[in-house]
Amino acid sequence: MKTRINDNHVWLQLSASDTSYWARQWPCSKLADRSVTFEYDSNGLVDWSIVGYKADIDTNEINAIVADHLRNELPKDHKLWCVIIGQFEQKE
């Protein structure tokens, strides 16, 4: 996993081994064994790429894999935390 985080931008790159490992908890994953990149700004997801895959990917899977990988990387006080992670957290 590689990340670039600044005040208004978050970039995440996951290797094929990262997505393969993560897919063990997402049985129908279409991202497994693929390198992926996601880029966010204050408007949300602005760009993404999946190496070797052209079909649609379920947005739930995208949201889940990104939130799972950035949960411990992105500070809770970051402007984009709510967009990337917070909106998917369970409310008590």
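The values are calculated or read from the model by the stated rules, or taken from the named source; none is laboratory data. These numbers come from a predicted model, not from an experiment. When we count neighbours, we look across all protein chains shown, and the Cβ atoms used for this are built from the backbone with ideal geometry, even at glycine.
Residues in region 1-48 that are in contact (Cβ under 8 Å) with a residue 60 or more places away in the chain, touching a helix residue (DSSP H, G or I) at 6+ places or on another chain (Cβ under 7 Å) and not β-branched (Val, Ile, Thr): MET1 only. Residues that are exposed (fewer than 12 other Cβ atoms within 10 Å of the Cβ) and assigned to a strand (DSSP E or B) are absent from region 14-28 altogether. Regarding SER42, is this residue among the hydroxyl-bearing types (Ser, Thr, Tyr) and modelled with pLDDT of 95 or more? Answer is no for this residue. Of all residues in region 50-61, those that are assigned to a helix (DSSP H, G or I) and modelled with pLDDT of 80 or more have Cβ atoms under 9 Å from Cβ atoms of residues that are surrounded by fewer than 14 Cβ atoms within 10 Å (Cβ to Cβ) and not aromatic (Phe, Trp, Tyr), 6 or more apart or on another chain, in GLU61/CYS28.
Out of (1) touching a strand residue (DSSP E or B) at 6+ places or on another chain (Cβ under 8 Å); (2) on the phi > 0 side of the Ramachandran plot, the odd one out for GLY52 is which? Failing condition for GLY52: (1).
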